[in-house]
Amino acid sequence: MGGWAAPTRLQFAPSETPQTIEMYDFIQKRKRLIQLMLALVVVPFAFFGLESYTRGTGGADEVAKVDGMPISEREFGEEWKQQQERMRGMFGRNFDPSFLDTPESRRALLDGLIARRLVAAAIAKANIVISDDSLREAIASIPAFQVGGKFSHENYETLLRAQGMTIATFESQMRHDLAVSMLGRALATTAIVPRSVAERLAVLEGQKYEVSEALVPAQQFMGEVALDEAKLKAYYDGNAVQFRTSERIKAEYLVLSGEEIAKQVQPTEADLRAVYEQRGAQMKVDEQRRASHILIQASPTAPEADRKAARAKLEDVAAQLKKSPAAFADLARKVSQDTGSAIKGGDLGFFGRGMMAKPFEDAAFSLKDGETSAIVETEFGYHLIRVTGIRAASARKFEDVRAELLAELRQKQAAQKFAEAAETFSNMVYEQTSGLGPVAEKFGLKVQATDWIGSDPASVPKLLANPKLIGALFSPDSIKAKRNTDAVEVAPSTLVAARVTEHQSAKTRPYEEVRADIEKKLRLAGALKLAAAKGGALLEQTRKGGAGELAWSAPRQVTRGAPQGLDTEALKKVVATPSDRLPAYFGLEKGNDGYAVYRVSRVTPPEPKPAEQANADLQRVAGLYGSTQYEAFVASLRSKADVKINEKVLQKRETR
């Protein structure tokens, strides 16, 4: 299976093409499932597409430069948009774009782009090349491109087309991602962990620690904290910002949804018939052939002697078939080197033109039903082909495709109707500035209302948690003039317009209102200090052998992977305890609970594991070590590279 069928498209061997199915029907009925499957396939390969490495910036602002290569604002924006679309494809209407609209996620996106640039340069420098065979095998193994466990070229093209991707782009991206994976494996392989080290790490991971805990609660010291009015007032004066309430509003809003409009759309029978007639060519099913074959593999680059030997072997098979034509299936099972079809007597199922290698296709479509070809040479080797079935070209009946056409036309008409409604909706909320009532009446919508909300998206109803809409609501025009906001698209085919009904400015709460909270806060802080002092003293007393006043909990067995409720800081200290100095004691502050003293009384080595499990553990530990080597490699590339980030442009995007 070597070589390219065209400069930008892989050609797959016959055994990788399963029996043809009605793809048009398949896609329409399973569109959401396909989007999810393809999102799971494409995300690792398309997150940072190779096309972005060669795009011209067109003079756009640069978000960053990596060794002189710019990452344009346009490129950054396109990657951001693609990321949102992939998430929306996976989560549908439940996906909230504002979830990703944070400085942290934008910075992570840029860091990823920078890392990919650096790794791409390292791949080119190391001359890492992914062969056609490796790429073909990787694509064929992706479940979303398979039908019945076998690769389907028709599935492949249709699914990519449904996502707006070309085959050339996808194969280019995947070739690059495989090269990245190869580089990672190479680094992991060179990161050899001595077996003794790996064994020791595996032991430490499974080691059990017997731990008891004694809490000195802060609550018991609350009454001992001395407070007076002067301390409370001083805290209030020195921390006024803590008692400042944010600006807040009450609002009413309208939602115009494409989903609701779609319910009102019902294409007529005449509409469906018209579309069917317009698509006459699409409704045709071309002639298909069913064939079986016997393959003796021979690479085009193999020595001439090997190629002659392969052909001679198939000539011997052809001679046997002349004597006994009915033995084709048995011979295919015995000698064919296409393992996928050999077990089925060489059967490849039905296929149309363009699905097989050209010489194979030409031979198959020149034979009559039941005829066997002469030896046919393709890039995969030498074939004997027998046609076992012919499906004549036909047209799909209207009744067979009516449901598909109905769903498609309904969607199209709903989109058109929503576009018209959206324009009218947007104009009306702009023109009817003093209220949403007339707009609601026009479209049969219900005016909804909020309680008090702030400018933090987390504090508002989900449909309003859009930065642009919130910004419009808290603008002076909305607050002072009580004008309607513009219609804002908060989700695909979903417009929202809103209006402020009440407003409260930011203010500092009066001392009398917050006095009780201040007293509680300071009393707890004082009690925590007393608990820590008491706990520290009891810890020292216990270490010296005193019985102390500590009430120990029942011991629990913890490991690094199973902390049994032990918090992270305590677990770190537990596993750092030397096993030859037991019992061992240490103390930690436990937030608002008080101070905890811990006793590590015993360390037990892990129970022996079966050899298979032990080896698996060693391999996992070595793999983790290799992963750290790859991460260190990427960090090293960045430390040596000239990376410049235009914070001004990045911040500009972050505030949009």
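The values are calculated or read from the model by the stated rules, or taken from the named source; none is laboratory data. Since we're looking at a predicted model, the values are computed, not measured. With ideal geometry, Cβ positions are generated from the backbone for all residues, glycine too; neighbour counts draw on all protein chains shown.
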Legend entry - Search result, residues across the range 535-559 that are touching a Leu at 6+ places or on another chain (Cβ under 7 Å) and either modelled with pLDDT of 85 or more or more than 26 Å from Phe221 (Cα to Cα) (or both): Leu538, Thr542, Leu550, Val558
Legend entry - Qualifying residue in the range 611-625 (condition: surrounded by fewer than 13 Cβ atoms within 10 Å (Cβ to Cβ) and at pLDDT 80 or above): no
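Quick check on this structure: which one of Glu404, Glu441, Glu408, Glu420 is out of contact with any Leu (no Cβ under 9 Å at 6 or more places or on another chain), closer than 15 Å to Ala497 by Cβ and either hydrophobic (A, V, I, L, M, F, W, C) or not assigned by TED's automatic domain parsing to the domain that holds Ala319 (or both)?
Values: Glu404 fails: closer than 15 Å to Ala497 by Cβ; Glu408 fails: closer than 15 Å to Ala497 by Cβ; Glu420 fails: closer than 15 Å to Ala497 by Cβ.
One residue alone meets the criteria, Glu441.
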Legend entry - Within the range 428-451, tally of residues that are surrounded by 13 or more Cβ atoms within 10 Å (Cβ to Cβ), of a type outside the set (S, T, N, Q) and assigned to a loop (DSSP other than H, G, I, E, B): 4
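Taking Ala302 as the residue in question, decide whether it is without any contact (Cβ under 8 Å) to a residue 24 or more places away in the chain and more than 40 Å from the chain's Cα centre (by Cα). Even if it seems obvious, please write down each step before you answer.
Details: without any contact (Cβ under 8 Å) to a residue 24 or more places away in the chain: yes; more than 40 Å from the chain's Cα centre (by Cα): yes.
Against the criterion (without any contact (Cβ under 8 Å) to a residue 24 or more places away in the chain and more than 40 Å from the chain's Cα centre (by Cα)), Ala302 qualifies.
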Inset, instruction - List the number of the failed condition for Ala551; all other conditions in (1) over 46 Å from the mean Cα position of the chain (by Cα); (2) surrounded by fewer than 15 Cβ atoms within 10 Å (Cβ to Cβ); (3) closer than 30 Å to Ala230 by Cβ; (4) of a type in the set (A, V, I, L, M) hold. - result: (3)
Inset, instruction - Mind telling me which of the residues Leu463, Leu409 ends up being part of a helix (DSSP H, G or I) and over 30 Å from Ser505 (Cβ atoms)? - result: Leu409
Inset, instruction - Within the range 379-393, identify whether any single residue is surrounded by 12 or more Cβ atoms within 10 Å (Cβ to Cβ), farther than 30 Å from Gln320 by Cβ and not aromatic (Phe, Trp, Tyr), and answer yes or no. - result: no
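Working carefully through the options Pro492, Pro476, Pro510, find the one that is at pLDDT below 90 and either under 30 Å from Tyr235 (Cα atoms) or surrounded by 13 or more Cβ atoms within 10 Å (Cβ to Cβ) (or both). Before the answer, list the steps.
Numbers: Pro476 fails: either under 30 Å from Tyr235 (Cα atoms) or surrounded by 13 or more Cβ atoms within 10 Å (Cβ to Cβ) (or both); Pro510 fails: at pLDDT below 90.
The match here is Pro492.
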Inset, instruction - Only one of these is surrounded by 13 or more Cβ atoms within 10 Å (Cβ to Cβ), small (Gly, Ala, Ser) and farther than 26 Å from Ile390 by Cβ: Ala319, Ala270, Ala302, Ala291. Name it. - result: Ala302
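Which residue out of Phe418, Phe425 is under 38 Å from the mean Cα position of the chain (by Cα), crowded, with 16+ Cβ neighbours inside 10 Å, modelled with pLDDT under 90 and assigned to a helix (DSSP H, G or I)? It would help to see each step written out before you state the result.
Values: Phe425 fails: modelled with pLDDT under 90.
Phe418 is the lone residue from the list that is under 38 Å from the mean Cα position of the chain (by Cα), crowded, with 16+ Cβ neighbours inside 10 Å, modelled with pLDDT under 90 and assigned to a helix (DSSP H, G or I).
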Legend entry - Matching option when the condition is over 17 Å from Leu436 (Cβ atoms) and polar (S, T, N, Q), among Thr494, Thr508, Thr485: Thr508
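Which of the residues belonging to the range 238-262 are farther than 30 Å from Thr501 by Cβ and either basic (Lys, Arg) or not in a helix (DSSP H, G or I) (or both)? Talk me through it step by step, then tell me what you get.
Here is the first cut: in the range 238-262, the ones farther than 30 Å from Thr501 by Cβ are 238-239, 262.
Residue satisfying the conditions is Asn239 alone.
Of the residues Lys322, Lys313, which single one is among the basic types (Lys, Arg) and over 16 Å from Gly370 (Cα atoms)? Don't jump to the end; show me each part of the working.
On the way: Lys322 fails: over 16 Å from Gly370 (Cα atoms).
Matching residue, one of Lys322, Lys313: Lys313.
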